[in-house]
Amino acid sequence: MIIVTGGYAGIGLETVKTFVNAGAKVVVPARDIAKAAKNLEGIQNVTIEAMDLMDPASIDAFAAKFLLTESPLHMLVNNAGIMWVPLQRDTRGYESQLATNHLGHFQLTARLWPALKKAGSARVISVSSYGHQMAPFDFEDPNFKHRDYDTLAGYGQSKTANNLFAVELDRHGKKFGVRAFSVHPGSVNGTDLGRVAPMDLFKQMGTHDADGNLFPEVAQKLKTIPQGAATTVWCATSPQLANTGGLYCENTEVAEVDLGNIAHHYDEPLTLRGVQPYSIDTEDAKRLWTLSEDLTGVQFGVN
């Protein structure tokens, strides 16, 4: 059994299709049930359930319903996410990119932990991003209560959190056969991830013209949606990754650590690679785990 959050759009939908075509049964928790039903129509062995990563109660309800099936969970793909949104907060006052991209998935993984252990051999994939390079995790003010809001920094720290979570989850989980990975899908054309992002940001990065159109020469260098899903599927299934984990992967391989030796250019998507040392730091991973338990009020109970 496989769960894929956000499995009804973009690379998440492609990931679901790939798993189903291989004979798997997939559960897709969805905030927008109508959109999920429309996009997943005709795809066999998929179950849609209600869940909103910004709503802790809905996460608990989804997980409780799944646990009642007593099914082992072989793969959990934490794929859903938001990017470069205006300042929004959940009912707890937490910044929305952190709440959605990390804290919601942290809570979901914790609640599903019994099913992951039951599988005997399971993998948890956090869909991260090159965007982690935009910011380390700010442990002093993660929710922008005492600093001006910068949506790029908010997104960056949420993706750094994805990477750190994979590091610490793998450390706890490996003795139960649960291994964790984080993934950079690459720069993918045709998703709706950046649908509310300010166009000025894309213009500043040199990817769009003055009228907001993607430069054709940049578009030609972007990945297709199936190519964007490839590393997620690879991390979830590849025997090459047996007996390992806590890794950040891209382009269906383990990423190179970026020690300042990689030149990055947004109009050259293939240069947007590498993993920052701060986002795989073992001590910060432990620190984030403790903070995440405090912020969510959910004790992971990895035993």
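Short-range pairs are left out: with C-alpha atoms under 8 Å and at least six residues apart, the relative contact order of segment 35-103 is 25 percent.
For segment 152-169, the Karplus equation 6.51 cos²θ - 1.76 cosθ + 1.60, evaluated at θ = phi - 60°, returns couplings of 5, 5, x, 5, x, 5, 5, 6, 4, 4, 4, 5, 5, 4, 4, 4, 6, 4 Hz by residue, with Gly and Pro reported as x. Placing pseudo-labels 7 Å out from each Cα toward the beta carbon at Ser238 and Lys65 gives an inter-label distance of 3.4 nm. The distance linking segment 1-78 with segment 161-187 is 19 Å (Cα centroid to Cα centroid, whole angstrom). Dipole check for the chain: with +1 at the C-beta of Lys and Arg, -1 at the C-beta of Asp and Glu, and the Cα centre as origin, the magnitude is about 1120 Debye. Exposure check, 1.4 Å probe, all protein chains in place: Glu253 carries approximately 100 Å² of accessible surface. Against the criterion of solvent-accessible heavy-atom surface with a 1.4 angstrom probe, Arg92, Arg287 sort, most first, into Arg287, Arg92. Once all protein chains are placed together, Asp55 keeps about 60 Å² accessible to a 1.4 angstrom probe. Just how far, in whole angstrom, is segment 228-267 from segment 270-290 if you go by their alpha carbon centroids? For segment 270-290 versus segment 228-267, the Cα centre distance is 13 Å. On full extension, the segment bounded by Thr91 and Lys145 gains 18.0 nm, given 0.36 nm per residue less the C-alpha separation. At 10 °C and a viscosity of 1.306 mPa s, what translational diffusion coefficient does Stokes-Einstein give for segment 1-145, taking Rh as the Kirkwood radius over Cα pairs? Give it in µm²/s as a whole number. It comes out at roughly 100 µm²/s. In percent, rounded to a whole number, the relative contact order of the chain is 18, using alpha-carbon pairs under 8 Å and six or more apart. Taking every protein chain into account, the accessible area of segment 93-161 amounts to 27 square angstrom per residue (probe 1.4 Å). 3J(HN,Hα) couplings calculated from phi for segment 227-234 with the Karplus curve 6.51 cos²θ - 1.76 cosθ + 1.60 (θ = phi - 60°) are, in sequence order, 5, x, 7, 4, 6, 4, 5, 4 Hz; Gly and Pro show x.
A dipole drawn for the chain from +1 and -1 charges on Cβ atoms has a positive end, and of Pro185, Thr18, Tyr130 the residue lying farthest that way is Thr18.
Only protein heavy atoms count here; under a 1.4 Å probe, Met54 has an accessible surface of about 50 Å². When a/c is below 1.5 the answer is rounded, else prolate if a/b is larger than b/c, else oblate, so apply that to segment 62-109 with a ≥ b ≥ c taken from the square roots of the Cα gyration tensor eigenvalues. Prolate. Here the 3J(HN,Hα) profile of segment 23-29, calculated from phi with Karplus coefficients 6.51, -1.76 and 1.60 at θ = phi - 60°, is x, 8, 9, 10, 9, 10, x Hz, Gly and Pro shown as x. Taking all protein chains in place and a 1.4 Å probe, what share, in percent, of the accessible surface of segment 1-106 do carbon and sulfur account for? C and S fraction of accessible area: 54 percent.
Mean silhouette area of segment 69-161, derived from the convex hull of its C-alpha atoms and averaged over all directions, reads 6.7 nm². For the chain, the 222 nm mean residue ellipticity estimated from helices alone, with every DSSP H stretch of n ≥ 4 adding -39500 (n - 2.57) and the total spread over all residues, rounds to -10500 deg cm²/dmol. Largest accessible area first, the listed residues Ile33, Ile43, Ile125 line up as Ile33, Ile43, Ile125 when surface is computed with a 1.4 Å probe on the assembled protein chains. A 1.4 Å probe over all protein chains sorts His172, His265 by accessible area into His265, His172, starting with the largest.
The values are calculated or read from the model by the stated rules, or taken from the named source; none is laboratory data. A quick note: this is a predicted structure, and the numbers were derived from the prediction, not measured. In this analysis, Cβ positions are derived from the backbone assuming ideal geometry, glycine residues included, and neighbour counts consider all displayed protein chains. Surface areas here come from the heavy atoms of the whole protein model, side chains and all, with no ligands, DNA or RNA. Shrake-Rupley method; radii C 1.70, N 1.55, O 1.52, S 1.80 Å.
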